[in-house]
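Step one of this worksheet: look at the structure below.
The values are calculated or read from the model by the stated rules, or taken from the named source; none is laboratory data. Bear in mind that the values here come from a model prediction, so they are computed numbers and not experimental data. Neighbour counts run over all protein chains shown; Cβ positions are idealised from the backbone, glycine included.
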2 protein chains.
Amino acid sequence: MISKKMENIGSNVSSIRKLFEYGRKKALEIGNENVFDFSIGNPSTPAPQEVNDAIIEIIQNEDMINVNSYTSAAGDKDVRNTIAASLNKRFGTQYKGDHLFMCSGAAPALVACFRALIVNENSEIIAIAPYFPEYKVFVEGNGGKLIILPPDIPNFQINFDALIDNINENTQAIIVNSPNNPSGVVYSEDTIKRLVGVLKEKSEELGHPIYLLSDEPYRELVYGDTLVPWIPDFYDNTIVCYSYSKSLSLPGQRIGWILVPEGIMEREDVWAAIIGGARVCGHVCASSLYQRVIAKCIDIRPNLTIYQRNRDLLYTKLSEMGYRCAKPEGAFYLFLQAPDGDAAAFSERAKELGLLITPGGEMGCPSYLRISYCVQTEQIECALPLFKKLFSK
Amino acid sequence: MISKKMENIGSNVSSIRKLFEYGRKKALEIGNENVFDFSIGNPSTPAPQEVNDAIIEIIQNEDMINVNSYTSAAGDKDVRNTIAASLNKRFGTQYKGDHLFMCSGAAPALVACFRALIVNENSEIIAIAPYFPEYKVFVEGNGGKLIILPPDIPNFQINFDALIDNINENTQAIIVNSPNNPSGVVYSEDTIKRLVGVLKEKSEELGHPIYLLSDEPYRELVYGDTLVPWIPDFYDNTIVCYSYSKSLSLPGQRIGWILVPEGIMEREDVWAAIIGGARVCGHVCASSLYQRVIAKCIDIRPNLTIYQRNRDLLYTKLSEMGYRCAKPEGAFYLFLQAPDGDAAAFSERAKELGLLITPGGEMGCPSYLRISYCVQTEQIECALPLFKKLFSK
C-alpha cells in the first residue's frame with residue numbers, strides 16, 4: 001500500500017549523510033575534538049555581512065505584506081531582472097528576467113528540469129563520473145535512467161570515447177557540474193568545446209537536441225586565475241541551474257534559479273515543461289524574502305580565504321605524503337585516490353581514527369574518496385598526522 | 001522530446017491565477033481603484049510583529065553559520081520538539097519531534113505524501129468538492145488518479161453516499177481540507193465521526209488502511225466559537241499537513257510540516273516513503289531561518305479582525321441582496337451560488353465591471369464562485385454595489 005520505491009529512496013541515506021550522522025553521534029561519545037569530519041558540504045565561511053544587512057533593511061523599510069506574499073511561480077519580476085542584468089554584465093549576454101525561474105536551491109531546479117525532459121521510462125540523462133550522488137535519486141526517482149560515464153582518471157575531465165558510445169536515441173540531456181563535486185576540478189574551455197562538438201554532431205545525427213544541464217552551485221568558488229567557461233556561450237541548448245548555497249553560504253535557506261536562454265530549441269515548450277515540473281513537485285514560489293536578499297547582494301562574491309588556505313594545505317601535505325589526487329581548482333572538495341585502490345576499506349580504517357571521508361563508490365569512483373575541506377583549518381592540521389598514519393599502513 | 005504532460009501542466013494556469021494576472025494588467029490600464037480583485041488567497045493581515053522580531057533576534061544573537069547550514073532533511077531537532085510540545089499542549093497528545101517532517105509549505109508536504117501513497121497508475125486519492133484545484137495537479141502530475149466526490153450542497157459537509165460508492169481496492173487516501181478552501185466551511189465533529197466510521201469499515205472490508213490526509217493551512221482562521229476537530233483524535237491513520245502561510249501570513253516564505261503520528265499503520269514505511277517522496281522532489285531541508293522563526297513564534301495566533309469584519313460584511317450584505325452561500329466559519333473565502341447557476345458566465349459579467357471572483361468549475365462546483373475576502377474592507381464596501389447590479393441582471 002506504500003510506494004516501495006519511495007520507501008527505499010527514503011530509507012537509503014547517502015553515504016555522505018550516513019558518515020555525517022555517524023560523526024555527530026561519535027562526537028557525543030568521544031568529544032568533538034576527536035572527530036575530524038570531512039563528510040558534508042556545509043560552508044565553513046559565514047554568509048557575508050551584507051546578507052544579514054539586507055534582511056534587516058528589508059524588515060525595517062519594506063512593506064512586509066508585500067515581502068511575505070506569494071511571488072509569481074517564476075519569481076519576483078524585479079529580482080529576476082536584477083539577476084539577468086548581473087549575468088549580462090558578467091558574461092556579455094542579453095538575458096531578460098523572463099528567462100529566469102527562481103527556485104528553492106539547485107536540487108529542485110534540477111528535478112524540475114528532469115521532470116521536463118523525462119518523457120518515458122526509456123529517457124536517459126547522462127552524468128559524468130565522479131558525480132553528485134543525488135542525481136541518481138532525482139532521475140530514477142522520477143522515472144528516467146541515469147547513464148554514468150566512467151571517470152577520466154587522473155584529470156577528471158570527460159571520457160569522450162565513453163560519451164560517444166553512450167549517446168543514443170533515448171538521450172535527452174547531459175548534466176555537467178563544474179567546478180565539480182566531488183573532484184574539485186573545473187572543466188577547461190577545451191573540454192567544453194570538445195563536449196559541445198560531440199553534442200552538436202550527435203543532436204544532428206539523431207534529429208533531436210541533447211540538452212546540456214549545467215549545475216553550477218560552485219561557479220564562484222575557484223582559486224587562482226581559474227576560469228569557469230560560461231557554457232551557454234558555446235552551446236545554445238544549455239539550461240543553467242544555479243544556487244546561492246555555496247556562493248553566499250546559505251545552504252539552509254534554499255534559494256537559486258534556472259536559466260532557460262532564448263536560443264534554446266523549443267524554448268517555449270521547455271520553459272512550460274520546467275514550470276510544470278516544478279509545480280508537480282509542490283513548488284509555489286521560492287522564498288520571497290531570500291529572493292529579495294540575493295537581489296540586494298547581487299555583486300557580493302564569497303570570501304575564499306579559508307577554502308583556499310585549506311586547499312593549499314591539504315593538497316601540498318597529502319601530495320608530500322605520497323597520496324595522489326587531481327589538484328582542486330574550485331569548489332571545496334579534494335578527491336583522493338585510495339592508496340590501495342579500495343576506497344570503502346580506506347574510509348572504514350579512517351573512521352576508526354575518527355577521520356570521516358566519504359568513499360567515492362556512490363559517486364562513480366570506487367577507488368577515490370571525497371574530502372570536504374569546508375572546515376576550520378585547525379581541523380585539517382590535526383587530521384594530517386592521521387592521514388600520514390593511514391598511508392603508511 | 002519534452003514531456004507533454006509537464007508542458008501542459010506548466011501552460012495551464014489555474015483559473016485563480018489567470019484572473020489574478022488579468023487583474024494586475026487591468027489595474028495598469030484603468031487604475032487600481034477600479035479593479036476589485038477577490039481572486040487570490042494572499043493574506044491581507046501582516047505577519048505578526050513577533051515574526052520580524054524573531055528574525056532580527058536570530059540574526060543579531062545566533063551563530064549564523066549554524067543558522068544558515070543545512071538542517072537534517074526532516075528539520076532541526078529543537079524546532080521539531082518545540083512544535084510537538086505545542087501540539088501536545090493544545091490537543092492533549094503525546095507527539096515527539098521525530099513525528100514531524102519540516103517542509104516548504106503545505107504544497108510540497110502534500111506532494112511528498114502523494115508520492116508515498118501512489119503505488120501505480122491505478123492508485124486513487126479521493127478529494128471532496130469543493131476542493132483546492134492544485135490537488136489535481138499534485139496527484140495526476142505524479143501518476144495517480146484524483147477521484148472527486150460531488151459537493152454536499154448547500155452545507156458543503158460530505159456527501160457520504162458518494163464517498164461509500166467511490167471507495168474501492170485502489171483507494172489509498174482521502175484528503176480533507178477544513179476549514180475549507182474554497183467554501184470557508186468547517187467540517188463538524190459529527191461529519192468527522194461519520195467520515196471516520198466509513199473509513200474504518202471500508203479499511204477493514206478491503207484489508208488495507210485508507211489514509212486520511214488532513215490539509216490544515218486554515219486551522220487557526222476560524223470565527224466565533226467554531227471548533228476545528230483534531231482529526232488524529234478520531235482516526236489513527238491520519239497524516240496532518242500544516243503550513244504557516246495563513247496563520248502567520250507568510251505565504252511567500254514557504255514553511256510548514258507533516259505530522260506522521262505513532263498510531264498510523266505501517267508507520268515506519270509511511271515515514272520513509274514520505275521522506276523519499278520529498279527527496280525525489282528536490283527537498284533538502286525547509287528554510288533553516290524560518291524553521292527557527294516559527295519555533296520562536298509558536299504561541300502566536302493570527303489577528304482575525306479584518307477577516308472577521310470582511311466575512312460579516314460580505315455575508316450579511318450578499319444575503320440581503322438575495323445571494324445564497326454557506327456561512328463561512330473559517331479560512332477567508334466565501335462560496336457564492338451563481339444566481340442563474342452558471343458561475344463561469346457570472347464571473348465573466350463580473351469581470352466586465354472590474355470585479356474578479358473565481359468560478360468554481362475547477363473546484364468541482366460549476367455553479368459556485370469563490371470570493372477571497374483577504375482584502376482591505378474598503379474594497380468590499382466599494383464592490384458591494386457591483387454585486388447588487390449583477391444580481392438584478
Checking A:L336 against (1) surrounded by 22 or more Cβ atoms within 10 Å (Cβ to Cβ); (2) within 26 Å of A:L221 (Cα to Cα); (3) in contact (Cβ under 8 Å) with a residue 60 or more places away in the chain; (4) touching a strand residue (DSSP E or B) at 6+ places or on another chain (Cβ under 7 Å), which test does it fail? (3)
Which condition number in (1) surrounded by fewer than 18 Cβ atoms within 10 Å (Cβ to Cβ); (2) aliphatic (A, V, I, L, M); (3) part of a helix (DSSP H, G or I) is the one that B:L199 fails? (1)
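One line per residue, one yes/no per condition, for (1) over 24 Å from B:R279 (Cβ atoms); (2) in contact with a Cys (Cβ under 6 Å, 6 or more places away or on another chain); (3) not hydroxyl-bearing (S, T, Y):
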site: A:S243; (1), (2), (3): no, no, no
site: A:I255; (1), (2), (3): no, no, yes
site: A:I258; (1), (2), (3): no, yes, yes
site: A:W271; (1), (2), (3): yes, no, yes
site: A:A278; (1), (2), (3): no, no, yes
Would you confirm whether or not segment B:245-255 contains a residue that is in the same structural domain as B:R115 (by TED's automatic domain parsing) and either closer than 14 Å to B:L213 by Cβ or of a type in the set (F, W, Y) (or both)? no
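Return yes when A:Y70 is touching a residue at least 24 places away in the same chain (Cβ under 8 Å) and under 30 Å from B:R115 (Cβ atoms) and no when it is not.
Working: touching a residue at least 24 places away in the same chain (Cβ under 8 Å): yes; under 30 Å from B:R115 (Cβ atoms): yes.
Yes; evaluated as a whole, the condition is true for this residue.
For the condition in contact with a Gly (Cβ under 8 Å, 6 or more places away or on another chain), outside the structural domain of A:P108 (by TED's automatic domain parsing) and without any contact (Cβ under 8 Å) to a residue 12 or more places away in the chain, what is the one hit in A:S15, A:S39, A:S11?
On the way: A:S15 fails: without any contact (Cβ under 8 Å) to a residue 12 or more places away in the chain; A:S39 fails: without any contact (Cβ under 8 Å) to a residue 12 or more places away in the chain.
The match here is A:S11.
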Answer residue from segment A:154-183, given it is touching a Pro at 6+ places or on another chain (Cβ under 7 Å) and surrounded by fewer than 20 Cβ atoms within 10 Å (Cβ to Cβ) and is farthest from the other protein chains (Cβ to nearest Cβ) among those: A:N159
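Closer than 30 Å to A:I147 by Cα and of a type in the set (S, T, N, Q): which single residue out of A:N122, A:N32 fits that description? Show your work before the answer.
Values: A:N32 fails: closer than 30 Å to A:I147 by Cα.
Checking each option against the conditions leaves just A:N122.
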How many residues does segment A:84-99 hold that are surrounded by fewer than 16 Cβ atoms within 10 Å (Cβ to Cβ), part of a helix (DSSP H, G or I) and of a type outside the set (A, V, I, L, M)? 6
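Step by step: first the residues of segment B:131-148, then only those that are part of a helix (DSSP H, G or I) and within 10 Å of chain A (Cβ to nearest Cβ), then the one that is surrounded by the fewest Cβ atoms within 10 Å (Cβ to Cβ). Which residue is that? Give the steps one after another, and end with the answer.
Taking segment B:131-148 first, the residues part of a helix (DSSP H, G or I) are B:134-140.
Next cut, within 10 Å of chain A (Cβ to nearest Cβ) only: B:134, B:137-140.
Values: B:E134: 21, B:V137: 19, B:F138: 26, B:V139: 27, B:E140: 17.
Ranking the candidates gives B:E140 first.
Residues that are surrounded by 14 or more Cβ atoms within 10 Å (Cβ to Cβ) and within 7 Å of another protein chain (Cβ to nearest Cβ), at least 1 per element: which helices (runs of 4 or more DSSP H) completely within segment A:1-83 meet that? Walk me through it before giving the result.
On the way: elements: A:4-11, A:15-30, A:49-61, A:64-68.
So the answer is A:4-11, A:49-61, A:64-68.
Residue check: is A:Q291 away from chain B (no Cβ under 13 Å) and not in a strand (DSSP E or B)? Spell out how you get there, then give the answer.
On the way: away from chain B (no Cβ under 13 Å): no; not in a strand (DSSP E or B): yes.
Spelling it out, it is not the case that A:Q291 is away from chain B (no Cβ under 13 Å) and not in a strand (DSSP E or B).
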For B:A278, the lone unmet condition from (1) surrounded by fewer than 24 Cβ atoms within 10 Å (Cβ to Cβ); (2) within 14 Å of chain A (Cβ to nearest Cβ); (3) of a type in the set (G, A, S) is (1)
Filter segment B:159-168 down to the residues that are touching a Leu at 6+ places or on another chain (Cβ under 6 Å) and part of a loop (DSSP other than H, G, I, E, B) and list them by number. B:N159
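Got a sec? Which of B:P209, B:P151 is part of a loop (DSSP other than H, G, I, E, B) and within 14 Å of another protein chain (Cβ to nearest Cβ)? Spell out how you get there, then give the answer.
Numbers: B:P151 fails: within 14 Å of another protein chain (Cβ to nearest Cβ).
After applying the criteria, what remains is B:P209.
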For segment B:229-271, give me each residue that is in a loop (DSSP other than H, G, I, E, B), in contact with a Gly (Cβ under 7 Å, 6 or more places away or on another chain) and in contact (Cβ under 8 Å) with a residue 40 or more places away in the chain. B:Y244, B:S245, B:R254, B:I255
Condition first: of a type in the set (F, W, Y), in the same structural domain as B:L227 (by TED's automatic domain parsing) and not in a strand (DSSP E or B). Can you find one or more residues in segment B:326-334 that meet it? no
Just give me the residues in segment B:250-271 being closer than 14 Å to B:M102 by Cα, in contact with a Ser or Thr (Cβ under 8 Å, 6 or more places away or on another chain) and within 8 Å of chain A (Cβ to nearest Cβ), in sequence order. B:Q253, B:R254
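Looking for something part of a loop (DSSP other than H, G, I, E, B), on the phi > 0 side of the Ramachandran plot, within 15 Å of the chain's Cα centre (by Cα) and in the same structural domain as A:D78 (by TED's automatic domain parsing) - is there at least one such residue anywhere in segment A:111-130?
There is no residue in segment A:111-130 that is part of a loop (DSSP other than H, G, I, E, B), on the phi > 0 side of the Ramachandran plot, within 15 Å of the chain's Cα centre (by Cα) and in the same structural domain as A:D78 (by TED's automatic domain parsing).
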For segment A:339-393, the count of residues that are of a type in the set (S, T, Y), surrounded by fewer than 17 Cβ atoms within 10 Å (Cβ to Cβ) and not in a helix (DSSP H, G or I) equals 0
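Given the options A:S123, A:S44, name the one that is of a type outside the set (F, W, Y) and more than 30 Å from B:D53 (Cα to Cα). Quick ask: steps written out before the conclusion?
Working: A:S44 fails: more than 30 Å from B:D53 (Cα to Cα).
Just a single option satisfies the conditions, and that option is A:S123.
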Criterion: out of contact with any Phe, Trp or Tyr (no Cβ under 8 Å at 6 or more places or on another chain), buried (at least 22 other Cβ atoms within 10 Å of the Cβ), within 14 Å of chain B (Cβ to nearest Cβ) and of a type in the set (S, T, N, Q) - qualifying residue of A:S123, A:S104: A:S104
